[in-house]
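See structure below.
The values are calculated or read from the model by the stated rules, or taken from the named source; none is laboratory data. Fair warning: this is a prediction, and the values are worked out from it, not measured in the lab. Please note: Cβ atoms are built from the backbone with ideal geometry, for glycine as well, and neighbour counts cover all protein chains shown.
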Amino acid sequence: MYLHGATVARWTPSGCDQVLWVSSASRFTPDAAIRGGVPICFPWFGAQVGHPESPSHGFARLSPWSLVAAEDDGQDVTVSLRLTDEDATGASAWPHRFEAVYTVVVGSRLSLALQVTNLSDETVSFEEALHTYFDVRDIRAAEVSGLEGTAFYDRLSGPGPVPGEPDPVRFGSETDRIYLGTRASTMVRDADAGRCVAISKDGSDATVVWNPWVDKAKAMDDFGDDEWKRMVCVEVGNIREATIHLAPGGSHTMMTTFEVSPTTGLEPGRTTL
Ligand code: TA6
């Protein structure tokens, strides 16, 4: 885990392979987000509306967080990090007094909780997401379930929401979707690796699913050309209609938990390229 962006980069439950993916081309510099693990998107998702010059996905993943607590209870290790408007890099783009506390519980499960408190004397609005990169053996044999029937914004095809689909999400091309109004748990089923990662959440009304596929992977200089095969992003968040509005003194917490289990022989069809 890095103080830079409070980015959890690796988590390997005992007896399991690595669950989180990090690009071999990722930069580890103060001016760049880590390409992989769990970058924190806050206080906006994607481009900041009306501010094209602002960093994509906000400043939290580019900022130095402070360690405020660490505890090992023999079972789990709990680490808490903090970011305020005073420490945040480029916070002028969002001129509000705030405190964000990120609590990470590492054990046989990984739990992440982002609590944001409005320290200003006016109501503030923000978007957020835990932009998790999961490691998969081959994206063409993987699927994401739990979003069946849920409408989504397809960021590749245009503005309006698209009706939900009956089946789990499978991957045969670039996929970039924001699922709306969903508090559902999801599951990454990685057939080739014989494992599932269950993703439960709380305080989140949106879920994003992303794989850049071939061309977008090539277009990113901190992402290996062939690495699109080995990752999928499933991101719990509050985005667009789920934007959070916090009154002065108010707090909001979004949390997610990951748990690994073996697949039970449900082999989805492999997507051919
Ligand atoms: O979460 C999906 C997404 O918003 C995609 O549109 C893609 O741009 C990805 O995030 C990565 O964004 P980044 O700013 O990290 O390059």
Is there a residue in segment 217-233 that is surrounded by fewer than 20 Cβ atoms within 10 Å (Cβ to Cβ), away from the ligand (no atom under 15 Å from the Cβ) and assigned to a strand (DSSP E or B)?
no
Sole miss for GLY74 among (1) in contact (Cβ under 8 Å) with a residue 24 or more places away in the chain; (2) exposed (fewer than 15 other Cβ atoms within 10 Å of the Cβ) is condition (1)
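Pick out the one residue from ALA60, ALA6, ALA69, ALA32 that is more than 16 Å from the chain's Cα centre (by Cα), of a type outside the set (D, E, K, R) and within 30 Å of GLY249 (Cβ to Cβ).
Just a single option satisfies the conditions, and that option is ALA69.
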Yes/no for GLU86 being loosely packed, with under 13 Cβ neighbours inside 10 Å, within 19 Å of GLN115 (Cα to Cα), without any contact (Cβ under 8 Å) to a residue 12 or more places away in the chain and out of contact with any helix residue (DSSP H, G or I) (no Cβ under 7 Å at 6 or more places or on another chain)
yes
Return the residue satisfying two criteria in turn: it lies in segment 29-38 and is closer than 18 Å to GLU227 by Cα and assigned to a loop (DSSP other than H, G, I, E, B), and of such residues it is farthest from the ligand (Cβ to nearest atom).
GLY37
Looking only at segment 234-243, filter to residues that are buried (at least 19 other Cβ atoms within 10 Å of the Cβ) and within 13 Å of the ligand (Cβ to nearest atom); which one of those is nearest to GLN18 (Cα to Cα)?
VAL234
Cβ pairs under 6 Å, 6+ apart or interchain, first in segment 32-53 and touching a residue at least 40 places away in the same chain (Cβ under 8 Å) and β-branched (Val, Ile, Thr), second more than 13 Å from the ligand (Cβ to nearest atom) and outside any loop (DSSP other than H, G, I, E, B), ordered by first then second residue, are VAL38/VAL8
Output for segment 1-28, where each listed residue is among the small types (Gly, Ala, Ser), closer than 25 Å to ILE239 by Cα and more than 15 Å from the ligand (Cβ to nearest atom):
ALA6
Wholly within segment 61-166, strands (runs of 3 or more DSSP E) carrying at least 2 residues that are among the β-branched types (Val, Ile, Thr) and more than 16 Å from the ligand (Cβ to nearest atom)
77-84, 98-106, 109-118
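Condition check: acidic (Asp, Glu) and either within 15 Å of the ligand (Cβ to nearest atom) or modelled with pLDDT under 95 (or both). Does ASP190 satisfy that?
no
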Sole residue being of a type in the set (Ser, Thr, Tyr) and surrounded by 13 or more Cβ atoms within 10 Å (Cβ to Cβ), chosen from SER92, SER125
SER125
For segment 39-52, which positions are within 12 Å of the ligand (Cβ to nearest atom), assigned to a loop (DSSP other than H, G, I, E, B) and either crowded, with 24+ Cβ neighbours inside 10 Å or more than 19 Å from the chain's Cα centre (by Cα) (or both)?
PRO39, TRP44, PHE45
Can you report the number of residues in segment 218-260 which are closer than 19 Å to GLU128 by Cα and of a type outside the set (Phe, Trp, Tyr)?
26
